[in-house]
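The values are calculated or read from the model by the stated rules, or taken from the named source; none is laboratory data. Everything numeric here is computed off the predicted structure, so don't read it as measured data. Note that we place each Cβ from the backbone using ideal geometry, even for glycine, and neighbour counts take in every protein chain shown. For accessibility, only protein heavy atoms count, side chains too; no ligands or nucleic acids. Shrake-Rupley method; radii C 1.70, N 1.55, O 1.52, S 1.80 Å.
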Amino acid sequence: MRLAWHSGFASRARARLGGLGSIIMLHRVRPDCTSPLGVNRSLSISPAFLDQILVSLKSEDIELVSMDEAVARIASGQQGGRRFAAVTLDDGYNDNLHHAYPVFQKHRTPFTIYTTPGLVEGAAVLWWEVLELLVAKADFIKAPNGQEWRCTTMFQKRATFHALMRYFTETLTELQQMPVLRQMCDAQGMICGVGADWDVMSWKELHQIASDPLCTIGAHTIHHYNLKRLTAEMVSFEMRQSADMLEEKLGRRPQHFAYPYGSARAAGEREAILAAQEGFASAVTTRHGTIHAEHRAHMHILPRISINGRFQKLVYAKTMMSGATTPIANAGRRVVQA
């Protein structure tokens, strides 16, 4: 990406690959981007880097818009105007309020937070964060299926974490994940949760941030399940019930949806059809890509540009939003869809 930018390739490619603009995906925004084993630090960027990105976008005459406005522009398919960027954040971490929100206020930048009610109410947990804390604490872990891992060194701990991630996402069903995680935490004398500074916003905090016109609250299911692993009836329930709960608690029904995990293994054509049937105006994935006029026919499977801890340099963000990396990441495709 550095070569693409400094050689001028990215800026030349923007006209053909940049499309109408980009939907930016963030998760956590906090001063300290570390994690106990380093395995989840890619979810975080610093407030200073977020500030840099917004300054850069405005200097390039890219218009920072809400998801409502982004959808309107995609639907019109209008080419040749100012490119746009819509900023989104997944999961509703409370650092979105404490560290990202002041930056958005400073720049008067609209943003969308895709919120999971189950995380707010304790029906679900940030299990990938809990799993990291569990492995960091333990010297030996045994799963209910009899698999065992010794994890006394940092190398062993990281290897164990990745093995457990595969176990949780490939062996266990979505409904089995929480009971198994609780059982493993109990074995280590550990509460199946994360520290307050890693937690999600409460309803009170969500109400506070949602009261600002800059903020849009989107739906992100109830339990943060991989929807492709559920029946169609369960998918519809997760979508509808999350919207119902957000409407009840915050007073406004969400019009936009984000698929948990969001890769091709977690959301596809079936999920896009169901999101449309549930009345969402848009649904976003985690697939890498810029937004093009062709997406007006695929409003419920939109790609995003992930700005995360692995790419916390302005040159990387600018290169990705130019569209230069989209064909590289998607087998030569300029437009990414289901």
- Debye calc, one equal point scatterer per Cα of segment 30-92, no solvent, log10 I(q)/I(0) at q = 0.13, 0.16, 0.30 1/Å comes to -0.51, -0.69, -1.25
- Can you list residues whose amide H is under 5 Å from F140's amide H, if they're 5+ apart or on another chain and H is modeled 1.01 Å from N? C151
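Given 10 °C and 1.306 mPa s, compute D for segment 189-273 with the Stokes-Einstein relation, Rh being the Kirkwood radius over Cα pairs; round to the nearest whole µm²/s. Walk me through the numbers before you get to the answer.
Working: Rh = 14.4 Å.
Estimated via Stokes-Einstein, D reaches 111 µm²/s.
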- In terms of solvent-accessible area of protein heavy atoms at a 1.4 angstrom probe, what is the ranking of W203, W127, highest value first? W203, W127
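Which whole-number percent gives the relative contact order of segment 8-123, counting Cα pairs below 8 Å spaced six or more residues apart?
Values: 149 pairs, mean separation 36.2, N = 116.
So the answer I get is 31 percent.
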- Task: At 20 Å minimum axial length over the Cα atoms and a Kyte-Doolittle cut of 0.5, report the qualifying DSSP H helices in the chain, or say none.
- Result: none
- Item | Accessible area (Å², 1.4 Å probe, nearest 10) - C215 | 10
- Message: I need the semi-axes of the equivalent ellipsoid of segment 42-167: take the C-alpha gyration tensor, multiply each eigenvalue by 5, square-root it, list largest first in whole angstrom.
- Response: 40, 17, 15
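With the full set of protein chains in place, find how many percent of the accessible area of the chain is carbon and sulfur; take the probe as 1.4 Å. Kindly include the intermediate steps, with their values, before the conclusion.
On the way: 7380 of 14210 Å².
Carbon plus sulfur share of accessible area: 52 percent.
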- extent check for segment 259-319: Cα max minus min per principal axis, descending, whole Å, gives 39, 25, 16
- Query: Which value, in debye to the nearest 20, gives the size of the charge dipole of the chain about its Cα centre, when Lys and Arg are +1 and Asp and Glu are -1 at the Cβ?
  - Reply: 1360
- Query: How fast does segment 1-59 diffuse by Stokes-Einstein, in µm²/s, taking the Kirkwood radius from C-alpha pairs at 37 °C and 0.692 mPa s?
  - Reply: 238
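Take every Cα pair under 8 Å in the chain that's 6+ residues apart, average their separations, divide by the length, and report that relative contact order as a whole percent.
Relative contact order for the chain comes out at 25 percent.
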- Message: I'd like the accessible area for R41, computed on protein heavy atoms only with a 1.4 Å probe and all protein chains in place. Round to 10 Å², please.
- Response: 130
- Rounded to the nearest whole Å², what accessible area per residue is found for the chain with the 1.4 Å probe? 42
- Looking only at lysines whose Cα falls under 17 Å of K137's and that sit 8 or more positions away or on another chain, we get K157
- Top to bottom by accessible area (1.4 Å), largest first, where do H98, H295 land? H98, H295
- Query: ³J(HN,Hα) across segment 331-337 via Karplus (A = 6.51, B = -1.76, C = 1.60, θ = phi - 60°), whole Hz, x for Gly/Pro?
  - Reply: 6, x, 7, 7, 10, 9, 8
- Counted charge near T160, where neighbours are those whose Cβ lies closer than 14 Å (Asp, Glu -1; Lys, Arg +1): +3
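Return the calculated 222 nm mean residue ellipticity for the chain, to the nearest 500 deg cm²/dmol, obtained by summing -39500 (n - 2.57) across DSSP H runs with n ≥ 4 and dividing by the residue count.
After summing the helix terms and dividing by the residues of the chain, the value is -11500 deg cm²/dmol.
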- Alpha carbons only, please: Rg and Dmax for the chain, in angstrom. 19.8, 60
- Compare D212, D68 by solvent-accessible area with a 1.4 Å probe and give them largest first, with all protein chains kept in place. D68, D212
- Calculate, axis by axis, the spread of Cα positions in segment 138-259 along the three principal axes, and write the results as whole Å, longest axis first. 50, 35, 23
- Determine the distance separating the Cα centre of segment 1-50 from the Cα centre of segment 256-276; give it in Å without decimals. 23
